[in-house]
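The values are calculated or read from the model by the stated rules, or taken from the named source; none is laboratory data. These numbers were taken from a predicted model, which means no experiment stands behind them. Counting neighbours? That spans all protein chains shown, and the Cβs are built from the backbone with ideal geometry, glycine included.
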Amino acid sequence: MEKTILITGCSSGIGYCVAKALHTHGYRVFATARRQESVEMLLNEGLESFRLDLQDSDSIAQAFEHVMHQTNGELYALFNNGAYGLPGAIEDLSRKALRDQFETNVLGWQELTNLVLPVMRKQGYGRIIQNSSVLGFVSLPYRGAYNATKYAIEGLSDTMRLELTGSNIYVSLIEPGPIESKFRENAVKMLAKYVDVEKSIHRERYRKVLKRLNTKGPAVPFTLPPEAVLRRVVHALESDKPHPRYYVTFPTYLFGILKRFLSTRTLDALLARSGGDH
C-alpha cells in the first residue's frame, strides 16, 4: 500500500511542516495551497503541489481529480488543515465575514472530505485528520467567527466518526493551542479587511488585540513549534487505533480539564480575563 496523503494549507506553519516531514519519511504527499506563488515554492522544494482554494468548489473538484489521476483512484489519508482566523467582536462581523470564514474553515473541508470518503469506502481503509483547535471546545472573546468554525468541525468530525463505525476509516481531531506560524500575521490582514476598527465600540480592545497579533515571536506562553502537531498527525496516520482527539500544547490540556470540572460561570470569568486584552 502506497502511503498517499492530501494536505490543504501547506504554504506555511503546520501544513508546511507536516508536508515536508511526511515527504521525507516516505509518504507521497500532495501539498496544496491557495496561492500560486505558494505552490511554486512547494514545487521548488521537491513536493508535489497544486492549487486548492477551499472557497472555490471548482478548485476543490479539480484538485481531487488530479490526485485521483495520480494515484489510480486511491488515497490513504486526508489532512484538512487550511484555515484562517478572523478576529473581531461578533457584533462587528457582517454576514459576509462569517460566510467567508465558514466557506474556508468548514464548508470547503467538508466538500473535499465528501469527495474522498467514497474512495476510502471502496478501498476499505483511510484516515481523515482534522486540524481543529483548543477553540473547538472553549471560546475566547474577539475570536467568535473562528471559535464557531472550529466548534462546527468538532461536531461534523464526531458525527462522521460515528457514521464510519466499522468501515476501517478513522477520523481524528488535532486540537492545538498556540503554535508558531503565520496565523497572527494573516489575522491582522483579515481584521483590516472585515472590521472597521475606528468605528467600533470595541476599538480600544482592538488596539490591544492588534498589539498582540503584531508581536514578533511567541505572543503567549506555552507556544510550541509545528513539529508538536506533526507528532500527533504521525500517530493518527500510523496507529492501528488512532485517537479520536489529540491535545497539543499545555493550554489545550489545561482547558480540557477546566471545562470538565468548572461551572460555566467560573470558566467564563477565566476565559474573559485570558482572552480579552492580550
Exercise for the section: Return yes or no: is T104 among the polar types (S, T, N, Q) and surrounded by 18 or more Cβ atoms within 10 Å (Cβ to Cβ)? Expected result: yes
Handout entry: Criterion: surrounded by fewer than 18 Cβ atoms within 10 Å (Cβ to Cβ), under 23 Å from N131 (Cα atoms) and among the small types (G, A, S) - qualifying residue of S94, S38, S57
Key = S57
Problem - Scan of the range 6-22 for residues that are surrounded by 20 or more Cβ atoms within 10 Å (Cβ to Cβ) and farther than 18 Å from F183 by Cα, ordered by number - result: L6, L22
Exercise for the section: Go over the candidates P251, P244, P226 one by one and state the one that is loosely packed, with under 14 Cβ neighbours inside 10 Å and either under 19 Å from the mean Cα position of the chain (by Cα) or at pLDDT below 90 (or both). Expected result: P244
Practice task
Of the numbered conditions (1) modelled with pLDDT of 95 or more; (2) in contact with a Pro (Cβ under 7 Å, 6 or more places away or on another chain); (3) not basic (K, R), I169 fails exactly one; give the number of that condition.
Solution key: (2)
Problem - Unique match (being at pLDDT 95 or above, hydrophobic (A, V, I, L, M, F, W, C) and farther than 30 Å from V18 by Cα) among I257, I201 - result: I201
Problem - Selected residue (criterion: surrounded by the most Cβ atoms within 10 Å (Cβ to Cβ)) from residues of the range 158-190 that are within 25 Å of L117 (Cα to Cα) and out of contact with any helix residue (DSSP H, G or I) (no Cβ under 9 Å at 6 or more places or on another chain) - result: R161
Completion exercise
Flagged in the range 1-37 as within 24 Å of L115 (Cα to Cα), hydroxyl-bearing (S, T, Y) and within 20 Å of the chain's Cα centre (by Cα), in numbering order, are T4, T8, S11, Y16, T32
Practice task
Give the residues of the range 219-266 that are outside any loop (DSSP other than H, G, I, E, B) and more than 26 Å from S172 (Cα to Cα), sorted by residue number.
Solution key: T264, R265, T266
Problem - Any pair with Cβ under 6 angstrom, 6 or more apart, that starts in the range 47-61 at a residue that is hydroxyl-bearing (S, T, Y) and ends at one that is surrounded by fewer than 17 Cβ atoms within 10 Å (Cβ to Cβ) and not in a strand (DSSP E or B) - result: S49/L43
Practice task
Kindly indicate whether any position in the range 62-69 is crowded, with 23+ Cβ neighbours inside 10 Å and touching a Leu at 6+ places or on another chain (Cβ under 8 Å).
Solution key: yes
Handout entry: Residue check for H235: in contact with a strand residue (DSSP E or B) (Cβ under 8 Å, 6 or more places away or on another chain), closer than 25 Å to Q130 by Cα and without any contact (Cβ under 8 Å) to a residue 24 or more places away in the chain
Key = yes
Practice task
Report yes if some residue within the range 123-140 is part of a helix (DSSP H, G or I), modelled with pLDDT of 95 or more, surrounded by fewer than 17 Cβ atoms within 10 Å (Cβ to Cβ) and not aliphatic (A, V, I, L, M); otherwise report no.
Solution key: yes
